[in-house]
Amino acid sequence: RAAIEQKQLDVHYQPIIDIGSHRVMGLEALLRWKHPLHGFVAPGRFIGVAEETGLIVPIGEFVLERVMSDAARWREMGWSPVPVAVNISAVQLQRSDLPGTIRRLTQLHGMKPSMLQAELTESAVFEHREARSGESSEDGISRLRELGVRVAIDDFGTGYSSLSYLKRWRVDYVKIDRSFVRDLVTDMSDLAIVGAIIAMARHLNIQVVAEGIEGWQQLEKLRQLQCNLAQGFLFAKPTPA
């Protein structure tokens, strides 16, 4: 609560790169908490608490507001707009009027909802129907799609991995978790898993983003597997706007 009230939260951005052309095709917005005594606090340490307390809702609105204002400022500076990916939690999806918030902010800043990409983990997608609101995560995703927001499944392969979801729902992107990409060059099992995900997504007309790229050998292997997009320290670390 103090971090929100004292404006200690910030948003950094990491580029998403087209493997073929090396052009920036998008950005991922990443939440940062700069504590006055402890420095940067890792999201893994506080996101869970924020979800339990419901504070993830105002935090999520803060991130969306910052992303929209940054994107509008970049446009005014003459930069060509690219989609920005924002991580959405199941709690945020179910306990707030997320489509309404996005509609209001995009109109305020003159942005199209299609320039926003909602990233949800597999566990968020498959959360059970919330009794209080009566709306499942899938219902919420459907409303986002109707608004024009693109949808990505983050950390693909580490959660429920229900292929039936990809069949029933229109997903624009899947992001291959860094745990599979890390040893892609030396581990045949990781290579087989990544190759299978890419091939499956290609047949379903879904774009694939490989996360955690740190070396040129990883990038070359992904290019051979016909992966579309990549993200990682090889290109850039998350940085302020």
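The values are calculated or read from the model by the stated rules, or taken from the named source; none is laboratory data. Keep in mind that what you see is a predicted model, and the values were worked out from it rather than measured. Backbone-built Cβ (ideal geometry, glycine too); neighbour counts: all protein chains shown. These accessible areas exclude ligands, DNA and RNA; they are computed on the full protein's heavy atoms, side chains included. Shrake-Rupley method; radii C 1.70, N 1.55, O 1.52, S 1.80 Å.
Of all residues in the stretch 6-13, none are outside any helix (DSSP H, G or I), at pLDDT below 90 and either in contact with a helix residue (DSSP H, G or I) (Cβ under 8 Å, 6 or more places away or on another chain) or farther than 15 Å from residue 150 by Cβ (or both). Of the numbered criteria (1) surrounded by fewer than 17 Cβ atoms within 10 Å (Cβ to Cβ); (2) modelled with pLDDT of 90 or more; (3) not charged (D, E, K, R), the one residue 219 fails is (1).
Quick grid of which residues meet (1) touching a strand residue (DSSP E or B) at 6+ places or on another chain (Cβ under 8 Å); (2) open to solvent by 20 Å² or more (accessible area, probe 1.4 Å):
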{"position": "2", "(1), (2)": "no, yes"}
{"position": "5", "(1), (2)": "no, yes"}
{"position": "10", "(1), (2)": "yes, yes"}
{"position": "71", "(1), (2)": "yes, no"}
{"position": "74", "(1), (2)": "no, yes"}
{"position": "80", "(1), (2)": "no, yes"}
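When 179, 189 are screened for being modelled with pLDDT of 75 or more, within 23 Å of residue 13 (Cα to Cα) and among the small types (Gly, Ala, Ser), only 179 passes. Among residues of the stretch 145-166 being under 14 Å from the mean Cα position of the chain (by Cα) and at pLDDT 85 or above, the one that is most open to solvent (accessible area, probe 1.4 Å) is 150.
Across the stretch 31-56, the qualifying residues are those that are charged (D, E, K, R) and closer than 23 Å to residue 14 by Cα, and the one among them that is surrounded by the fewest Cβ atoms within 10 Å (Cβ to Cβ) is 45.
Quick check on residue 17: is it closer than 24 Å to residue 68 by Cα and in a helix (DSSP H, G or I)? No.
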